[in-house]
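The values are calculated or read from the model by the stated rules, or taken from the named source; none is laboratory data. Worth saying up front: this structure is predicted, and the values here are computed from it rather than measured. Methodologically, a virtual Cβ is constructed for each residue, glycine included, from the backbone with ideal geometry; neighbour enumeration extends over all protein chains shown. Please note that ligands, DNA and RNA were not included when accessible areas were found on the heavy atoms of the full protein model with its side chains. Shrake-Rupley method; radii C 1.70, N 1.55, O 1.52, S 1.80 Å.
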Amino acid sequence: GRNFFVGGNFKLNPTTRAAKQALVKTLNEATVDPSVEVVIAPPALYVIPLRASLRADFKVAAQNCYEKSSGAFTGEISPEQLVDAEISHVILGHSERRTLFHETSEQVAAKTRAAISAGLSVILCVGETDKEREAGQTKQVVESQLQPVIQVLNEADWSKVVIAYEPVWAIGTGKVATSAQAQEAHADIRAFLSSQVSPSVAENTRIIYGGSVNAGNCKELAAQKDVDGFLVGGASLKPEFIDIINAKK
Ligand code: 13P
């Protein structure tokens, strides 16, 4: 069985430690379905204090890392440093990193390889733009983002990967994918994993949806057979995040 997985991607929010602590307090006091795997991804500066103050049953992710363990790479954070800080997860290949910071799928693959080798689990983000969807290229774009990662992983590494399908046009826009659009994309990703990796990896890998998920739309999305959870941006900063964690209830 694929345990339901809900990630909160805080992005570059909030801007004060006090506001960050208020978010932790809300999370710590929440009643959640204990079968759901919850992972919180704060800005890098807050990763360590958030790990120290967050309830033990919630995991913590970085929003990015570099592919080298140490050296002359000003501004970067390594997978080894995250593991040493008792951080279990890292988000890689988020569309904001691909678009604003020009990360290629090959770099995302190198980072994924390094993160898993160091002992991290990876939330690997893929997704098409509105232009690509309108051109009928969704499947091809997502497969081209996954292929370099497939090339650098062994079959056993896939137990450390959660794929986040995040259509770019749905991120921060309020324009959520329909449950049919999400289901179709997730089923295509699962079929691709089956043919390119193995049927058992396809069966066991969580594929979560991200892009304008909120308390109002999460239940219908969560009911789709290939939607194994969510990666939540804006709504992860609000009390409704708890309802999203509990979407399967
Ligand atoms: P929103 O939930 O704000 O649309 O962001 C989704 C996202 O990018 C999560 O990584």
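Descriptive notes on the structure:
- The fraction of accessible area contributed by carbon and sulfur in segment 5-245 is 53 percent, rounded to a whole number (1.4 Å probe; ligands and nucleic acids excluded).
- Full extension of the chain between Glu155 and Thr99 yields a length gain of 17.2 nm, computed as 0.36 nm times the residue separation minus the alpha carbon distance.
- Listed by chain and number, the lysines whose alpha-carbon sits under 18 Å from that of Lys219, ignoring those within fewer than 8 places in the same chain, are Lys175, Lys238, Lys248, Lys249.
- Highest average packing first - 216-224, 148-156, Cβ atoms within 10 Å: 216-224, 148-156
- Shape of the chain, Cα gyration tensor, a/c cut at 1.5: rounded
- Pairs of Lys residues in segment 1-131, spaced 8 or more positions apart or belonging to different chains, with C-alpha separations under 25 angstrom: 11 in total.
- The simple Förster model, with R0 at 51 Å and r as the Cβ-Cβ distance, assigns Thr173 and Ser69 a FRET efficiency of 0.85.
- The chain, helix-only ellipticity at 222 nm - DSSP H runs n ≥ 4, -39,500 (n - 2.57), divided by all residues, nearest 500: -11500 deg cm²/dmol
- For Gly127, the residues whose modelled amide H falls within less than 5 Å of its own, excluding neighbours fewer than 5 places apart on the same chain, are Glu166.
- Nonlocal amide H pairs with Val161, under 5 Å, H built at 1.01 Å: Val122
- Residues with amide H under 5 Å from that of Ile40, placed H, sequence gap 5 or more: Gly8, Lys59, Val60, Ala61
- Karplus-derived 3J(HN,Hα), 6.51/-1.76/1.60, for each residue of segment 118-129, Hz, glycine and proline x: 6, x, 8, 9, 10, 9, 9, 9, 9, x, 9, 7
- For the listed peptides 75-87, 17-29, a ranking on the average number of other beta carbons within 10 Å per residue, highest first, reads 75-87, 17-29.
- Paramagnetic label reach from Ser88 (point 7 Å along Cα→Cβ; backbone nitrogen cut-off under 16 Å): within segment 216-249, residues 230.
- Lys, Arg +1 and Asp, Glu -1 on Cβ, resulting dipole of the chain about Cα centre, debye, nearest 20: 560 debye
- Note that segment 19-29 has calculated 3J(HN,Hα) couplings of 5, 4, 5, 5, 5, 4, 4, 4, 5, 5, 8 Hz, one per residue in order, obtained from phi through the Karplus relation 6.51 cos²θ - 1.76 cosθ + 1.60 (θ = phi - 60°); glycine and proline are x.
- Dipole axis of the chain (+1 Lys, Arg; -1 Asp, Glu on Cβ), positive-most option in Val47, Ala180, Ile87: Val47
- Relative contact order, percent, the chain [alpha-carbon distance under 8 Å, six or more residues apart]: 21 percent
- The distance between label points at Glu106 and Arg2 comes to 3.0 nm (points 7 Å beyond Cα on the Cα→Cβ vector).
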